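Visitor: Structure incoming, see below.
Bear in mind that the values in this text are calculations on the coordinates, not laboratory data. What you see is a predicted model, and the numbers here were worked out from it, not measured in a lab. Glycine also receives a Cβ, built like all others from the backbone with ideal geometry; neighbour counts cover every protein chain displayed.
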Amino acid sequence: MATKKAARRKSSSSRKYSPSAGKDIEREMRAMKQGKLKSGRSGKKVTSRKQAIAIGLSEARKEGKKVPQKKS
């Protein structure tokens, strides 16, 4: 039974995010927790965890790191 379930599961052989993209996200999370992370347009302090991750992913994309495309 266990082998049939494993056979049905979709396996991804490659990483979705590069390790360096993860470091960018980690850096932005630290900045948010210290109260130093600001949003780009308004300059307001970022308090949302999701927003901090989005900023990190955006910066990783700009640097050309391996990150999935932004959903539009």
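Visitor: Distance from a point 7 Å along Cα→Cβ of Tyr17 to each backbone N in segment 58-72: keep the residues under 11 Å and list them by number.
Guide: Those under the cut-off are 58, 60, 67-68.
Visitor: Hey, can you grab everything whose amide H is under 5 Å from the amide H of Lys38? Only 5+ residues off in sequence or another chain; H modelled, so Pro and N-termini drop out.
Guide: Here the answer is Val46, since their amide H atoms fall under 5 Å of that of Lys38.
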